[in-house]
Amino acid sequence: MRYRPEEIVALLDSTSEAAEVEGFPVVKRVADALPLGPTTALVGVATQGGRFPPAWRRLLEECLEAGLDLENGLHEFVSDDPELVALAALHGAELRDLRRPPAGLDVPTGANLTHGATTILTVGSDCAIGKMTVSLELDREARRRGHRSEFVPTGQTGIAIAGWGIAVDAVVADFIAGAAERLVIEGAARGGEVLFVEGQGSLLHPAYSGVTLGLIHGSAPHGYVLCHQAGETFVDGDERFPIPPLVDLVRLHEQISLLPRPAKVYGIALNTRLLDDDAARRAVVETEAATGLPADDPVRFGAAKLVDSLAPLLQS
């Protein structure tokens, strides 16, 4: 809705009492959306384990019965469901599973070091704190300045926004780095001279650190932007996993970079959505003092300062 608004006609939310969200009408039933002329139903949730709740079954069926294509980002593939496949065929609808990996993935070849574009990867102190959003905001600001920039999607929502990509969390572990390499090569082939790669997971996360390391070594970034939820002190709110000082986290990412491609953290992207404006500005100042790096919330205050911090890479 925020980054591809021209493609949206409505939000379907049976529990919402709102009349609209971000300027788009909210409807409670599939039938209520049909007069608005939709062609595709996009599954807009990320459930635990990537499975459909039982109550969703009838909703998916109603979409297909209305002739809507179904675009799904969960790990449970609709195109593997015989009943939904048959229903889609009956009504001329298409089933698209955004997390289905492409065929032919393998380990990296080394082409991630020779494609010629400048690659910047967003990394984070935790999951679900805005790495995709930061990448999109950096790409938008870089384009505004005239750079030939490309957002490189690595997750289902990024794929839905950009229309291409690979959901690396659905790739066999041995091939995550190879998938990341394929993505940056495609980003360069699409004309990107600067590639903003959407980060996934976190090196600190007990469940999702593997996908982060695969992205780091496969995309071989020239630099990082470190994302952090302002005020958060534990990974996923779990006191067993305290978040270290950000300066230590900067050092961790720089040390774990691909050996032939040493990379620095150039800026800190803060997610200040839980703070008021004054507290958000204080958090920015405190983060800069603690790390010695430029910091900002690119959604709240704009991405200019963070793109400025990347100048040594963008000018090279």
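The values are calculated or read from the model by the stated rules, or taken from the named source; none is laboratory data. Keep in mind that what you see is a predicted model, and the values were worked out from it rather than measured. Note that we place each Cβ from the backbone using ideal geometry, even for glycine, and neighbour counts take in every protein chain shown. Note: areas computed on protein heavy atoms with side chains; ligands, DNA, RNA excluded. Shrake-Rupley method; radii C 1.70, N 1.55, O 1.52, S 1.80 Å.
Miscellaneous remarks
- Being part of a loop (DSSP other than H, G, I, E, B), touching a Leu at 6+ places or on another chain (Cβ under 7 Å) and not acidic (Asp, Glu) is a description that applies to residue 9.
- Annotation note: of 128, 111, the sole residue that is under 25 Å from residue 174 (Cα atoms), open to solvent by 40 Å² or more (accessible area, probe 1.4 Å) and of a type outside the set (Phe, Trp, Tyr) is 128.
- Flag if residue 278 is under 13 Å from residue 203 (Cα atoms) and either of a type in the set (Asp, Glu) or outside any loop (DSSP other than H, G, I, E, B) (or both): no
- Among the residues making up the range 204-221, those that are in a loop (DSSP other than H, G, I, E, B) and out of contact with any strand residue (DSSP E or B) (no Cβ under 7 Å at 6 or more places or on another chain) are 204, 205, 206, 207, 208.
- Any hit, the range 87-98, residues being within 20 Å of residue 54 (Cα to Cα), touching a Phe, Trp or Tyr at 6+ places or on another chain (Cβ under 8 Å) and modelled with pLDDT under 95: no
- Qualifying positions in the range 79-99 - of a type in the set (A, V, I, L, M), farther than 29 Å from residue 219 by Cβ and surrounded by 12 or more Cβ atoms within 10 Å (Cβ to Cβ): 84, 85, 87, 88, 89, 93, 95
- Subset of the range 230-242 that is in contact (Cβ under 8 Å) with a residue 60 or more places away in the chain and surrounded by fewer than 19 Cβ atoms within 10 Å (Cβ to Cβ) - its residue that is nearest to residue 184 (Cα to Cα): 236
- If you go through the range 172-202 and keep only what is assigned to a helix (DSSP H, G or I), farther than 10 Å from residue 107 by Cβ, open to solvent by less than 20 Å² (accessible area, probe 1.4 Å) and not aliphatic (A, V, I, L, M), you end up with just 187.
- Yes/no for residue 19 being without any contact (Cβ under 8 Å) to a residue 60 or more places away in the chain and farther than 28 Å from residue 151 by Cβ: yes
So that you can scan it fast, the table gives a plain yes or no per residue for (1) open to solvent by less than 40 Å² (accessible area, probe 1.4 Å); (2) part of a strand (DSSP E or B):
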site: 25; (1), (2): no, yes
site: 35; (1), (2): no, no
site: 38; (1), (2): yes, no
site: 64; (1), (2): yes, no
site: 76; (1), (2): no, no
site: 101; (1), (2): no, no
site: 106; (1), (2): no, no
